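Everything on this sheet refers to the single structure shown next.
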Amino acid sequence: TQKNGGSLPAALRISVERLAAAAVLIDGWGLPYFSINASGNISVRPYGVDTLPHQEIDLMKVVKKASDLKSAGGLGLPLPLIVRFPDVLRNRLHSLQAAFDCAIRSYGYDGHYQGVYPVKCNQDRFVVEDIVEFGSPFRFGLEAGSKPELLLAMSCLTKGSPEAFLVCNGYKDEEYVALALVARKLDLNTVIVLEQEEELDVVVEVSRALGVLPVIGLRAKLRTKHSGHFGSTSGEKGKFGLTTMQILSVARKLQQMEMLDCLQLLHFHIGSQIPSTALLSDGVGEAAQIYCELARLGAGMRVIDIGGGLGIDYDGSHSSGSDMSVGYGLDEYAATVVEAIRRACDKKYVRHPVICSESGRALVSQHSVLVFEAISSTSLHSAPPRPDLAYLVEGLGEEARADYRNLMAAAVRGDCDTCLLYVDQLKRRSVDQFKDGSLGLEHLAAVDDLCALVAKAMCVSDSVRAYHVNLSLFTSIPDFWAIGQLFPILPIHRLDQRPAVNGVLLDLTCDSDGKMDKFIGGSPTLPLHEFGGVVGAGRRNGEGYYLGMFLGGAYQEALGGLHNLFGGPSVVRVSQVDGPHCFAVTRAVPGPSCADVLRAMQHEPELMFQALKRRAEECMVVGACAGAGADAVACGLAHAFNSMPYLVSAGCAAFVEAADGGGVLVMNNAEDDEDDVEEHRHYGGSDDNSAAMCSAACSDEDEEWDLYAAA
């Protein structure tokens, strides 16, 4: 800088400016966990604001480690890919606990905070186990809303704090209640929350049969209403909870049965993504009054469960005016809750309760990133070739010719509005002629080219490019399709380069809804970099073009379906470690194979494989190499059943090769087979012990399927 008169060199200055512009976008929603490093790649800061520079993880290096062939030191995992960062999850949990601890000290609150994680947000085994482990010092527990969720919560909490809550929500039958009471027999701190008044009779009957005294909670249906999309479960007409009349009825029944001391928890839920602390304070204050009244009636009240609602700022606007953002942070949220409960309890001379929350979205959203690759791109409005005007006019009818002449005259005058009028008329008349059979396909194409050329000359064409991505929107980002939820999406590399294209994203499914044309900020396009090519050959300088969807760690995996039989992504868990590469892959699991997704729809892949193999043998009975040809086809079929449903890049694809007069499917090599690498640790870079994960040869895979089917 000093040598250049106090200013940066021009090339470096431009690079810095581009990085700064990209950083402004990511700073809104990404802090404190995501930033852009000097290489123009997304950098993950696993410890939030406490992350040191040498601890930052380059996301692009993680993707390269996961997706590179095993012969190149990678793990050979197909994309799409979910990258989990348990260190981020730990930091989120610690930050939430710290926010409540600080508020409790500041307001002189006599109780403590003891949260639970609602497993419906992400039921992945390792996510739940991590939360139990990381939260054990804070007595952090779990919330379940169904029998399978209750079973997994019971199992996980055997390794957690003995004081951790197991909150049982959702509709209940005798089996659910019995399971919850068995959990109490196992010394788990279980609370059965009544969603309906009639559930009380079931709880009492089953508890007497099992000889277990229940701990009971009530879910209150508040008057406070959240007006956004996520507030549909709040207010007097909400789906869940008991009215004030029903709450009093339950309390009186318990009193008559001399079980009022079993009523110890009040639960409520204003709605997910609570936009403002004003709404939060209103709802918590109302619930705290109900809590105090139940205590006055003699209930053994000791816990107030404020439910979920702690929001995520998806669009980075820090505003309370949309479902995509919230106008507060963790500290403000905790302070609002503590202050509202303290004020109500002090006014009624009620002991301060334990504060419990079910903050699932706020815990797990940031901990994972969905990475997917653009496989090809096409311009939605490509530059048209110059049409042969004489040939074009020759095939047009009289009215269309008149439109053509008027269009040319308006173009010469530079009359844009008139040009567009005749462009529309000419196209409509030409299509009518084509439908009648009086205009050929070549003429129709020439009309389209002319109209596009005129639109471009008049500067009204929109240079939007469609990027085809190796992803199923319905499987991996279902909330976008279902409720219009927006997530931050951007390239994970090349962010030091100026985006040259406005693009939309098209997924692999045969569905017109498999399209992303709305992004953070309401834009119909996403700024992207130049990219060209066809499937498997669309790489630039040997490197693919990778995008990431951020803040999607809650709900997306559980809600995703199997549209077109595209299954879930591959998954890696990445932890920060000291060393030259900053990270270690502690778990790597390929996504469901074609056989897996077929089996999920009641098909039997083993029998399917045997039937196709027999057909191959029957169709190739002639010729000296017939047996080899049938074996090659069987090998290709085995590979297809064992592969993920998504597209593969040219470097690891199976290919069709002509042999002995017929095309047969032959394995390119064995390096793309997915092995079970779950128990190995793989460090960033190519110097890891990846030789231990060599994949089976094609013949071995074929034998494997034969043996499996025979069994």
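Here is the figure for region 180-236: residues that are touching a His at 6+ places or on another chain (Cβ under 9 Å) and basic (K, R) total 1. One residue stands out in region 345-358 among those that are among the hydrophobic types (A, V, I, L, M, F, W, C) and buried (at least 20 other Cβ atoms within 10 Å of the Cβ): the one that is farthest from the chain's Cα centre (by Cα), namely C345. When region 593-609 is filtered for residues that are open to solvent by less than 40 Å² (accessible area, probe 1.4 Å) and of a type outside the set (S, T, Y), the ones remaining, listed by number, are C594, A595, V597, L598, P605, E606, F609.
Scanning region 187-209 for residues that are open to solvent by 10 Å² or more (accessible area, probe 1.4 Å) and in contact with a helix residue (DSSP H, G or I) (Cβ under 7 Å, 6 or more places away or on another chain) yields L188, E197, V202, V206. When V132, V182, V167 are checked against the criterion of being crowded, with 24+ Cβ neighbours inside 10 Å and either hydrophobic (A, V, I, L, M, F, W, C) or assigned by the TED database to the domain that holds R92 (or both), V167 stands alone in meeting it. In region 311-333, the residue that is surrounded by the most Cβ atoms within 10 Å (Cβ to Cβ) out of those that are of a type in the set (A, V, I, L, M, F, W, C) and closer than 19 Å to S95 by Cα is V326.
Please work out which residue is most open to solvent (accessible area, probe 1.4 Å), limiting yourself to region 252-275 and to residues that are among the hydrophobic types (A, V, I, L, M, F, W, C) and more than 42 Å from the chain's Cα centre (by Cα).
Let us first name the residues in region 252-275 that are among the hydrophobic types (A, V, I, L, M, F, W, C), namely 254, 257, 259-260, 262-263, 265-266, 268, 270, 274.
Checking which are more than 42 Å from the chain's Cα centre (by Cα) leaves us with 254, 257, 259-260.
Values: L254: 0, M257: 62, M259: 17, L260: 19 Å².
Going through the qualifying residues, I end up with M257.
Evaluating E236 against the criteria (1) in contact with a Lys or Arg (Cβ under 8 Å, 6 or more places away or on another chain); (2) under 28 Å from L181 (Cα atoms) leaves one unmet condition, (2).
The set of residues in region 575-603 that are among the hydroxyl-bearing types (S, T, Y) and in a helix (DSSP H, G or I) is empty. Within region 33-59, the residues that satisfy the criterion of being among the aliphatic types (A, V, I, L, M) and open to solvent by less than 20 Å² (accessible area, probe 1.4 Å) are I42, V44, I57, L59. Only residues that are touching a Leu at 6+ places or on another chain (Cβ under 9 Å), of a type in the set (D, E) and either over 17 Å from A144 (Cβ atoms) or not assigned by the TED database to the domain that holds I306 (or both) were counted in region 185-212, giving 1.
Condition check ((1) within 30 Å of Y349 (Cβ to Cβ); (2) hydrophobic (A, V, I, L, M, F, W, C); (3) open to solvent by 10 Å² or more (accessible area, probe 1.4 Å)) across all residues:
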position: F85; (1), (2), (3): no, yes, no
position: R92; (1), (2), (3): no, no, yes
position: Y113; (1), (2), (3): yes, no, no
position: D124; (1), (2), (3): no, no, yes
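Can you find a residue that is assigned by the TED database to the domain that holds A390, β-branched (V, I, T) and either open to solvent by 70 Å² or more (accessible area, probe 1.4 Å) or in contact with an Asp or Glu (Cβ under 7 Å, 6 or more places away or on another chain) (or both) anywhere in region 447-456? Among the residues of region 447-456, not one is assigned by the TED database to the domain that holds A390, β-branched (V, I, T) and either open to solvent by 70 Å² or more (accessible area, probe 1.4 Å) or in contact with an Asp or Glu (Cβ under 7 Å, 6 or more places away or on another chain) (or both), which makes the answer no.
The set of residues in region 98-111 being in a helix (DSSP H, G or I) and open to solvent by 10 Å² or more (accessible area, probe 1.4 Å) consists of A98, D101, C102, I104, R105, S106.
Restricting region 550-567 to residues that are within 11 Å of the chain's Cα centre (by Cα) and open to solvent by 20 Å² or more (accessible area, probe 1.4 Å), which is nearest to G311 (Cα to Cα)?
Going residue by residue through region 550-567, those that are within 11 Å of the chain's Cα centre (by Cα) are 550-560.
Then drop every residue that is not open to solvent by 20 Å² or more (accessible area, probe 1.4 Å), which leaves 555, 557-560.
Numbers: Y555: 14, E557: 19, A558: 19, L559: 19, G560: 21 Å.
If we take residues in region 550-567 being within 11 Å of the chain's Cα centre (by Cα) and open to solvent by 20 Å² or more (accessible area, probe 1.4 Å), then Y555 is nearest to G311 (Cα to Cα).
Does P590 fit the bill of being open to solvent by 20 Å² or more (accessible area, probe 1.4 Å) and touching an Asp or Glu at 6+ places or on another chain (Cβ under 8 Å)? Judged against the criteria, P590 is a match. The residue of region 578-587 that is least open to solvent (accessible area, probe 1.4 Å), among those that are at pLDDT below 95 and touching a strand residue (DSSP E or B) at 6+ places or on another chain (Cβ under 8 Å), is C582.
So which residues in region 40-67 are in a helix (DSSP H, G or I) and farther than 25 Å from L647 by Cβ?
Filtering region 40-67 down to residues in a helix (DSSP H, G or I) leaves 48-50, 53-55, 59-67.
Listed by number, the residues that qualify are G48, V49, D50, P53, H54, Q55.
Taking the condition open to solvent by 10 Å² or more (accessible area, probe 1.4 Å), free of Cβ contacts under 8 Å to residues at least 60 places away in the same chain and of a type in the set (S, T, N, Q), does S71 pass? So S71 fails the test. Scanning region 174-195 for residues that are over 32 Å from the mean Cα position of the chain (by Cα), in a loop (DSSP other than H, G, I, E, B) and charged (D, E, K, R) returns a single hit, D187.
The values are calculated or read from the model by the stated rules, or taken from the named source; none is laboratory data. Computed from a predicted structure; not experimentally measured. Reconstructed Cβ throughout: ideal geometry from the backbone, glycine too, with neighbour counts over all protein chains shown. For accessibility, only protein heavy atoms count, side chains too; no ligands or nucleic acids. Shrake-Rupley method; radii C 1.70, N 1.55, O 1.52, S 1.80 Å.
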